[in-house]
Amino acid sequence: MNGGWRRRVPASAALCSLTMLMASTVAQADDGFKPNYADRLTTPVEGSHIAPRLWPSRPRFPLRVVVLNSFYFNNPYFSAIKEGCNAWVGAMKGAKDVGLGLTCEDSDDVCTADVVFLLGTREQCGGFSGFTKEYGPCALIRLSVFDSNHRLVSPKALKRVAMHEFGHALGIWGHSPNPKDIMSLDEDAFDISLADINTLRLAYAGKCRTTDQP
Ligand SMILES: [Zn+2]
């Protein structure tokens, strides 16, 4: 599906310290965008003909992020999604070149939203745990509330998927080959790595391939 991103089952892994990550980010904010995986991005979906790319698709900050108050909505899930998005804000604080900021609300008003989260079934996510698609200036992120065994996912697992999908919405349209990165398909990481940060910085610095941009 054009512009689609699909996720596999979340793997269990220990949470890293965001505080430590943020400290290392600040210390290495002027490192020439290294390490990064911009030249090693893998295709968004196995077998996909869509080329991976960096795409600075969010032209303004702060972003208005809306979690649709739909059937599967609940407050723990909302908090998990909000934390997942704000993890990017925290991680990018040392990268002033991007200036990422956002507001996050539960609402039915999507008219001026930049990113919309919608909770649903696994089938609605193409059989995967998450799925991101672009609709003009807006990104629609579907998150499954069920795992592959038809059990409700925990807020912690949902946060990880939200973090990963939000990375796609911000501009990393592909997957990292390193399982330690939140943008890996392996789902071993539960936090945003320095390589994730630098890859996103490259997108907004315009130092990426542009020929494949839609
Ligand atoms: Zn993905």
Handout entry: Failed item, numbered, when THR199 is tested on (1) more than 18 Å from VAL45 (Cβ to Cβ); (2) among the hydroxyl-bearing types (Ser, Thr, Tyr); (3) surrounded by fewer than 21 Cβ atoms within 10 Å (Cβ to Cβ)
Key = (3)
Problem - Filter result (buried (at least 17 other Cβ atoms within 10 Å of the Cβ) and either more than 16 Å from the ligand (Cβ to nearest atom) or assigned to a loop (DSSP other than H, G, I, E, B) (or both)) within segment 127-145 - result: PHE128, SER129, CYS138, VAL145
Exercise for the section: Could you grab me the full set of residues in segment 38-47 that are within 13 Å of the ligand (Cβ to nearest atom) and within 20 Å of PHE166 (Cβ to Cβ)? Expected result: LEU41, THR42, THR43, PRO44, VAL45
Practice task
Evaluate the following for ALA162: is it among the aliphatic types (A, V, I, L, M), within 13 Å of the ligand (Cβ to nearest atom), surrounded by 22 or more Cβ atoms within 10 Å (Cβ to Cβ) and more than 18 Å from PRO76 (Cα to Cα)?
Solution key: no
Problem - The listed residue being free of Cβ contacts under 8 Å to residues at least 40 places away in the same chain and either out of contact with any helix residue (DSSP H, G or I) (no Cβ under 7 Å at 6 or more places or on another chain) or of a type outside the set (Lys, Arg) (or both), out of SER184, SER193, SER129 - result: SER184
Completion exercise
Matching residues in segment 58-79 (closer than 20 Å to ASP114 by Cα and over 13 Å from the mean Cα position of the chain (by Cα)) number 15
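Here, each number is a calculation from the coordinates, and none is a lab measurement. Quick caveat, the model's predicted, so the values are computed rather than measured. Note: ideal-geometry Cβ built from the backbone for every residue, glycine included; neighbour counts use all protein chains shown.
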